Amino acid sequence: MSALIHLARRISLIPVLVACLALFVLMIMTFCDVILRSVFNSPIEAATELTRILMAVLVFSVLPIISVTNGHIAVDLTDGLFQKFRLSRLRDAIIHILAGVMLYWPVERVWVLSNRARDYGDVTEYLGIPTFYVGWFITIAVGISAVALIVTGLLYLFAPQYLSEPSK
Amino acid sequence: MTAALIGFAIVLVLVLMRLPIVFAMGLVGTFGFAYERGGSIFDERGLKAALSMVGRQIMDTAQDYGLSVVPLFILMGLFVNKGGMARELYAVSNAFLGHMRGGIAMATVAACGGFSAICGSSLATAATMSKVAMPQMRRYGYSDELSTASIAAGGTLGILIPPSVILVIYGLLTETSIGKLFMAGIIPGALGILFYLFAVRWTVWRNPDAGPAGERASWSERFSALGSVWAVLLLFFLVIGGLYGAFDFEPLNLTFSPTEAAGMGAAGAFLIALFRGGLTLGSTFEVLKETTFTASALFAVLIGAQIFSNFVNIAGLPEALIAMVTAYDVEPFVVILMILGIYIILGCVFESLSMLLLTVPIFFPLVTSLGYDPIWFGIVVVVVTEISLITPPVGLNVFILKGVVGDVTTGTIFRGVTPFWVADILRLALIVLVPVIVLYLPEQMGAMGH
Amino acid sequence: AEHTLIISSWAPPTHGINALMWPKFTEMVEEATDGRVTTELKLGIAPPPAQMDLVMDGAADASIIFHGYQAGRFTTSKLIELPGYEGSAEAASVAYWRAYEKYLKDAEEHRGVKLIALHTHGPAQMHTSEPVETIDAVSGLKLRIPGGVGGDVGAALGATGIQVPAPKVYETLASKAADGVVMPMESRKGFKLTEVAQNVYEMPGGLYRGSFAFIMNEDIFADLPADIQKVLEEEVFGEPLSREIGKIWDEIDQAGRAETEATEGNAINAASEADQKAFMAIAEEVRATVLEELAAAGVDAQAAYDMIKSEMAAY
Ligand code: NA
Ligand code: NA
């Protein structure tokens, strides 16, 4: 069990690296686009569509990680109350499992929509990159988030010792 | 309308149960949309329709070109921080203001105002300035309430002081001159800084420990501190100058849009930090990682907010509200007050862009038909939108602070924000009562365009 | 009313699409059905390229799509976008629908939704901040042009493409990220080009025309009573609706032109005879390529082109 969780943590470095690379490329590309356009009058024509793809990559790569590390923006006005009645762990378990389960249907729909785009032959304007690749990527990222949320919720319930961050 | 109000209530309960906002708004928005399209929350066709809308929101929001300013400006702020520039900026602030009680918080507010002049988004302003200012205020022993509140409130200026994403959208929604809107935002923005400075003074007057006075710096110390901020000035000059066409001459012709300014600013900050030896491979990775995490959480909230907005929109809440407003056959000024009241109530739960998109199409025709100036109304809408960003329980700027700082509760921030919120209401009252504050500059421009 | 169609739309609320076209649609539907069917307009539900999915899955009952926003999905829509046609948007829209019925239908590019109108905006002209007086001056300019035929024409003229959605055009021009845009005259008002692109270079017939469709959810239509379906098909959908919407495109083009003429510092430069000839040659090349593309999609491209040309001439 702990070996498995250890492995999951190690593997999670890969999407972080991918997201960081996407962000760095986005920054450099914008810089080069402006300079090339202003000084050399030859902008990167595909800059806009690449920006869109890079954003999807950077946002969704790390979604599974922020989903299970308290990274989502939440309101903590009632934290004291839950602590007082020792319900924090139960609450976190329910929240994680509920969030994970409720993602099933959107994931399924994103998958359907992506394959529909594939069927219609949708591509990006300049480079002709098929848009369903981005859709598949988002499906996988949100799908992994859902599974990770459910697993984390179960850990809260049955094996809290494996959670690196105690429930706040 | 009833369905939308019940939806509101359920979101509030779920959010208070600590369900992340994206899931609370997403869940209620989905079932609410299904109900509106299918007549029941379990209707098969209704659910398919709702999920299709949700699926498209998930895919389209993260791929919205205009939103690329969000990660890039966060990135710029972090690089500015790593390059040691933030420390220098605060050395200067401290030299000039630190000897006053609450001085660093006042400097933070002023710095937020300055940053707003290069950033079109309040969220990005708050995110950037929290990276820059928070450690400094902690170092000088400021209370968490005052520190976080001055950034959360100061950050709201991002959408009022030009450039502003929200003003651009308002201009397009209403066919109002964007150039004039930008000009109109300047004086109310400066007033915002002034009023927030009073809010800081008020906080430290009530509780002197919240923002202790530092040592008074000599004039020679002040000037030498000034000399060390060249990198910050250079960066600001690059971003602002590029935006307003300062480098638009042969053979450079260097100009860029607000969206590109974010990328230029980030790259510029990266190069300066690199040049000054403030970056290693490891710290660059840390900066990039932190940015992607923050951006991912922000986009998630935006997706949730848009799903919920779509439910409220399809449920006809905006139309119902306007029917209520028009039902009262009263003085135009009372209608304005009612609209402001509605905005402040909506501001409790809405994210700024959704609020604008939902309400402007409804209220704008009414307000202009009553004879009010469209430019003036645009600024009023942006000011109430600013207020919504720090109004509990859903104040995005407060959540940004919470997200970036981590070890403070949103309760603490909302407590600290109260005097700033009051300052905002006073400023709003002033703008509503004395429209010339808004209209003076754009009228000076005359027919110049932009 | 017995039935209310939920319309999802984009563009600013004051834009002709929402201020005039959907109200016209509503008027026609109400009149044909004696008020048994009406509509409700919803803005801002999703960006333009998402509209077809929304209608297909029933998130909205009807919507408007701009074919150029979904590269790869539509080929036959390029036919009406070709430069070189002469005539109003009304004439073009009617010809477009007739050519669709006869030649384009079989390509099934709108599969999954019910197509209820096809139309095109007025001729797209070039709007720049610096005056452009000759066609040679276009070469080297950074122009915002939408995808499809517009992009092909821009490339043939030697311009560099800048890719931004229509609502971002103002910002892009104000910051000089682009030297100009190619859009119909109505956008001078709708997107405030009078402020940031004071000069128009006008080519008769335009550099291209944009292709739009009104679409409807299939199940919603199938659920309507048979008599309502019949009357909608006969009196509203197809050619009648396409004609009325085309008329509105002409009308708002006029408003954009009037605004330009009334705004100080704005100028409309008509293309010279020589430039018109030079452009005809370019248009010819673009047309040949596009017709080949259409033929590859299984359309009798030349016949369809000739039909639109003659229908418009006869209108
Ligand atoms: Na700003
Ligand atoms: Na709020």
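The values are calculated or read from the model by the stated rules, or taken from the named source; none is laboratory data. Computed from a predicted model, the values in this text were never measured in an experiment. Backbone-built Cβ (ideal geometry, glycine too); neighbour counts: all protein chains shown. Just the protein is used for accessible areas: all its heavy atoms, side chains included, with ligands, DNA and RNA removed. Shrake-Rupley method; radii C 1.70, N 1.55, O 1.52, S 1.80 Å.
Where helices (runs of 4 or more DSSP H) sit wholly within the range C:100-200, none has at least 3 residues that are away from chain A (no Cβ under 14 Å) and hydrophobic (A, V, I, L, M, F, W, C). Residues in the range B:159-181 include none that are away from ligand 1 (no atom under 14 Å from the Cβ), assigned to a loop (DSSP other than H, G, I, E, B) and farther than 18 Å from B:Pro374 by Cα.
Scanning the range B:114-124 for residues being crowded, with 23+ Cβ neighbours inside 10 Å and either among the charged types (D, E, K, R) or closer than 17 Å to B:Leu197 by Cβ (or both) gives a total of 2.
Among the residues of the range B:373-389, the ones that are more than 16 Å from ligand 2 (Cβ to nearest atom), farther than 10 Å from B:Leu428 by Cα and part of a helix (DSSP H, G or I) come to 5 in all.
Candidates are the residues of the range B:380-434 that are within 16 Å of ligand 1 (Cβ to nearest atom) and among the β-branched types (Val, Ile, Thr); the one that is farthest from B:Gly192 (Cα to Cα) is B:Ile400. For beta carbons closer than 6 Å, sequence separation of 6+ or different chains, a first residue in the range B:56-74 that is touching a residue at least 24 places away in the same chain (Cβ under 8 Å) and of a type in the set (A, V, I, L, M) and a second that is part of a helix (DSSP H, G or I) and open to solvent by 20 Å² or more (accessible area, probe 1.4 Å), the qualifying pairs are B:Ile74/B:Thr294.
If I go through the range B:35-58 residue by residue, how many of them are in a loop (DSSP other than H, G, I, E, B) and either surrounded by 17 or more Cβ atoms within 10 Å (Cβ to Cβ) or on the phi < 0 side of the Ramachandran plot (or both)? Show your work before the answer.
Going residue by residue through the range B:35-58, those that are in a loop (DSSP other than H, G, I, E, B) are B:39-43.
From the residues that got through so far, the ones that are either surrounded by 17 or more Cβ atoms within 10 Å (Cβ to Cβ) or on the phi < 0 side of the Ramachandran plot (or both) too are B:40-43.
So the answer is 4.
Among the residues of the range C:261-315, those that are of a type in the set (Gly, Ala, Ser), within 21 Å of C:Ala107 (Cβ to Cβ) and not in a helix (DSSP H, G or I) comprise C:Ala297, C:Gly298. Once the range B:1-34 is narrowed to residues that are free of Cβ contacts under 8 Å to residues at least 60 places away in the same chain and open to solvent by less than 30 Å² (accessible area, probe 1.4 Å), the residue that is farthest from the other protein chains (Cβ to nearest Cβ) is B:Ala34.
For the range A:142-157, the set of residues classified as open to solvent by less than 30 Å² (accessible area, probe 1.4 Å) and farther than 19 Å from B:Thr30 by Cβ consists of A:Ala148, A:Thr152, A:Gly153, A:Leu155, A:Tyr156, listed by residue number. Here's a check for you: in the range B:263-293, which residue that is open to solvent by less than 30 Å² (accessible area, probe 1.4 Å) and β-branched (Val, Ile, Thr) is farthest from the other protein chains (Cβ to nearest Cβ)? Applying the filter and picking the extreme gives B:Ile272. Per the conditions (1) more than 8 Å from chain A (Cβ to nearest Cβ); (2) at pLDDT 75 or above; (3) out of contact with any Leu (no Cβ under 9 Å at 6 or more places or on another chain), the sole criterion not satisfied by B:Glu215 is (2). Listed by position, the helices (runs of 4 or more DSSP H) inside the range B:61-140 whose residues that are within 17 Å of the chain's Cα centre (by Cα) and either within 14 Å of chain A (Cβ to nearest Cβ) or within 15 Å of ligand 1 (Cβ to nearest atom) (or both) number at least 2 are B:69-82, B:103-116, B:122-139. Among the criteria (1) surrounded by fewer than 20 Cβ atoms within 10 Å (Cβ to Cβ); (2) over 20 Å from A:Thr48 (Cβ atoms); (3) not aliphatic (A, V, I, L, M), the one C:Thr128 does not fulfil is (1). Residues of the range C:258-272 that are loosely packed, with under 13 Cβ neighbours inside 10 Å and at the interface with chain B (Cβ under 10 Å from one of its Cβ atoms): C:Glu264, C:Gly265. Restricting to the range B:137-154, name every residue that is modelled with pLDDT under 90, touching a helix residue (DSSP H, G or I) at 6+ places or on another chain (Cβ under 6 Å) and either open to solvent by 10 Å² or more (accessible area, probe 1.4 Å) or within 16 Å of ligand 2 (Cβ to nearest atom) (or both). Answer for the range B:137-154, where residues must be modelled with pLDDT under 90, touching a helix residue (DSSP H, G or I) at 6+ places or on another chain (Cβ under 6 Å) and either open to solvent by 10 Å² or more (accessible area, probe 1.4 Å) or within 16 Å of ligand 2 (Cβ to nearest atom) (or both): just B:Tyr140.
With the requirement that a residue be surrounded by fewer than 23 Cβ atoms within 10 Å (Cβ to Cβ) and at pLDDT 85 or above, what does the range B:85-102 give you? Matches in the range B:85-102: B:Met100, B:Arg101. Somewhere in the range A:122-134, is a residue acidic (Asp, Glu) and more than 24 Å from B:Met53 (Cα to Cα)? No, because not a single residue in the range A:122-134 is acidic (Asp, Glu) and more than 24 Å from B:Met53 (Cα to Cα).
Residue by residue, here is whether (1) surrounded by fewer than 22 Cβ atoms within 10 Å (Cβ to Cβ); (2) facing chain B (nearest Cβ under 9 Å); (3) touching a helix residue (DSSP H, G or I) at 6+ places or on another chain (Cβ under 7 Å); (4) assigned to a loop (DSSP other than H, G, I, E, B) holds:
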| site | (1), (2), (3), (4) |
| --- | --- |
| A:His6 | yes, no, no, no |
| A:Arg10 | yes, no, no, no |
| A:Thr30 | no, yes, yes, no |
| A:Ile35 | yes, yes, no, no |
| A:Ile44 | yes, no, yes, yes |
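For first residues located in the range B:382-408 and away from every other protein chain (no Cβ under 14 Å), partners that are assigned to a loop (DSSP other than H, G, I, E, B) and of a type in the set (S, T, N, Q) and lie 6+ apart or on another chain with Cβ distances below 8 Å form the pairs B:Val382/B:Ser164. Of the listed requirements (1) within 17 Å of A:Leu63 (Cα to Cα); (2) over 22 Å from the mean Cα position of the chain (by Cα); (3) within 14 Å of chain C (Cβ to nearest Cβ), B:Gly46 misses just one: (1). Within the bounds of the range C:220-227, is there any residue that is crowded, with 20+ Cβ neighbours inside 10 Å and among the β-branched types (Val, Ile, Thr)? Within the range C:220-227, none of the residues are crowded, with 20+ Cβ neighbours inside 10 Å and among the β-branched types (Val, Ile, Thr). Comparison of B:Ile166, B:Ile178 shows that the only residue that is under 21 Å from B:Phe377 (Cα atoms), within 14 Å of chain C (Cβ to nearest Cβ), modelled with pLDDT under 85 and within 16 Å of ligand 2 (Cβ to nearest atom) is B:Ile166. Taking the range B:226-257 as the range and being of a type outside the set (S, T, N, Q), in contact (Cβ under 8 Å) with a residue 60 or more places away in the chain, away from chain A (no Cβ under 12 Å) and in contact with a helix residue (DSSP H, G or I) (Cβ under 8 Å, 6 or more places away or on another chain) as the test, the residues that pass are B:Leu226, B:Val229, B:Ala231, B:Val232, B:Leu235, B:Phe236. Taken across the range B:408-428, residues that are more than 25 Å from B:Tyr142 (Cα to Cα), open to solvent by less than 10 Å² (accessible area, probe 1.4 Å), in a helix (DSSP H, G or I) and touching a Ser or Thr at 6+ places or on another chain (Cβ under 9 Å) do not occur at all. Going by the conditions given, is B:Ile345 over 17 Å from the mean Cα position of the chain (by Cα), within 13 Å of ligand 2 (Cβ to nearest atom), open to solvent by 20 Å² or more (accessible area, probe 1.4 Å) and among the β-branched types (Val, Ile, Thr)? Considered against the rule, which asks whether it is over 17 Å from the mean Cα position of the chain (by Cα), within 13 Å of ligand 2 (Cβ to nearest atom), open to solvent by 20 Å² or more (accessible area, probe 1.4 Å) and among the β-branched types (Val, Ile, Thr), B:Ile345 comes out as yes.
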